[in-house]
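Scroll down for the structure; my scribbles are underneath it.
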Amino acid sequence: MVKQSVPALRRDEGIDLVLANGENAAGGNGVTVKIVEELRSAGVDCLTSGNHHWDKREILSYSEGRGGRLLRPLNYPPGTPGIGSAVLEVGGDAICGVISLVGRLFMKPTDCPFRVAEEEVERLRDMTNLIIVDFHAEATSEKQAFAHFMDGKISAVLGTHTHVQTADERILPNGTAYITDVGMTGPFDSVIGIRKDQAIERFISQLPGRFEVAKGDVRLQAVIVDIGYDGRATAIRRIEIHRDEVENAGETD
């Protein structure tokens with residue numbers, strides 16, 4: 001779906017920078033080197049991640065020295081492989097800072113994302129006014145609090161992790177774009193991407209089992225954010241593309 005949709009989106013919408021949270025791209029758990037390269041070839045400029053970043057061990061070595069094209073959460077402990085932020089060229093005449101963070105509520109313990117982000121934003125603002133944060137967190141309250149904490153200091157706070165796109169996209173008073181969750185690219189005839197029968201069985205029996213990615217009703221969800229050179233966001237818009245829309249468009253192009 002990404003391979004089919006992203007090149008057309010970049011062309012039709014005049015998009016300068018594409019970010020994607022890729023932590024579940026490898027069959028629902030982690031991401032592999034091959035998939036990172038495939039997503040990059042499809043037009044994704046930078047991959048952020050979250051609590052499943054290390055599910056595939058090969059990413060441990062790959063995370064180093066990739067020029068900021070694959071980020072792990074910045075607020076992991078010091079010494080963790082990889083990097084949590086990067087500065088990327090945007091459209092050839094600007095640069096944008098990108099930060100990957102993970103929340104703490106209902107998640108494994110990590111360093112405080114508020115304090116870590118505040119320090120990193122101060123460093124990045126010496127280079128650019130354009131800064132985007134992927135805040136990978138469970139609790140809506142934590143995401144909202146973080147966005148208000150950062151309002152006016154960065155360009156956008158884009159929430160991920162729940163696999164369910166929220167309808168609360170907005171521009172905060174001081175110019176920061178916000179959405180609680182960007183959503184999911186994957187099969188929607190599912191329970192957050194996994195087979196319905198397996199999810200139901202887990203809830204009923206409480207027994208452990210292996211989950212498999214579902215197949216039906218594939219969609220791409222995302223947001224498009226307009227940001228000025230001053231770093232202030234002027235618009236944020238949700239999008240959802242169904243696989244049959246892409247296939248039909250391909251037949252008529």
### Message
Here's a check for you: in region 92-112, which residue that is closer than 14 Å to Leu19 by Cα and among the small types (Gly, Ala, Ser) is surrounded by the most Cβ atoms within 10 Å (Cβ to Cβ)?
### Response
Ser100
### Summary
Taking region 126-143 and keeping residues buried (at least 21 other Cβ atoms within 10 Å of the Cβ), in contact (Cβ under 8 Å) with a residue 60 or more places away in the chain and assigned to a loop (DSSP other than H, G, I, E, B) leaves Leu130
### Message
Six or more apart or on different chains, Cβ atoms under 7 Å: show the pairs whose first residue is in region 71-87 and surrounded by fewer than 22 Cβ atoms within 10 Å (Cβ to Cβ) and whose second is basic (Lys, Arg).
### Response
Thr80/Arg72
### Selection count where residues are closer than 19 Å to Met184 by Cβ, surrounded by fewer than 21 Cβ atoms within 10 Å (Cβ to Cβ) and not aliphatic (A, V, I, L, M), scope region 1-27
3
### Task
Could you check, for region 186-207, whether at least one of its residues is part of a loop (DSSP other than H, G, I, E, B), within 23 Å of Phe106 (Cα to Cα) and free of Cβ contacts under 8 Å to residues at least 12 places away in the same chain?
yes
### Task
Of the numbered conditions (1) of a type in the set (Val, Ile, Thr); (2) touching a residue at least 40 places away in the same chain (Cβ under 8 Å); (3) under 26 Å from Lys34 (Cα atoms), Ile59 fails exactly one; give the number of that condition.
(2)
### Task
Return the residue satisfying two criteria in turn: it lies in region 144-192 and is β-branched (Val, Ile, Thr) and farther than 30 Å from Arg123 by Cα, and of such residues it is surrounded by the most Cβ atoms within 10 Å (Cβ to Cβ).
Thr185
### Message
Condition first: assigned to a loop (DSSP other than H, G, I, E, B) and either closer than 15 Å to Val98 by Cβ or modelled with pLDDT of 90 or more (or both). Now tell me which residues in region 32-52 satisfy that.
### Response
Thr32, Ala42, Gly43, Val44, Asp45, Ser49, Gly50
### Query
How many of the residues making up region 208-235 are part of a strand (DSSP E or B) and without any contact (Cβ under 8 Å) to a residue 40 or more places away in the chain?
1
### Task
Tell me which residues, restricted to region 144-185, are assigned to a loop (DSSP other than H, G, I, E, B), closer than 25 Å to Gly27 by Cβ and small (Gly, Ala, Ser).
Gly183
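The values are calculated or read from the model by the stated rules, or taken from the named source; none is laboratory data. Computed from a predicted structure; not experimentally measured. All Cβ positions, glycine included, derive from the backbone under ideal geometry; neighbour counts span all protein chains shown.
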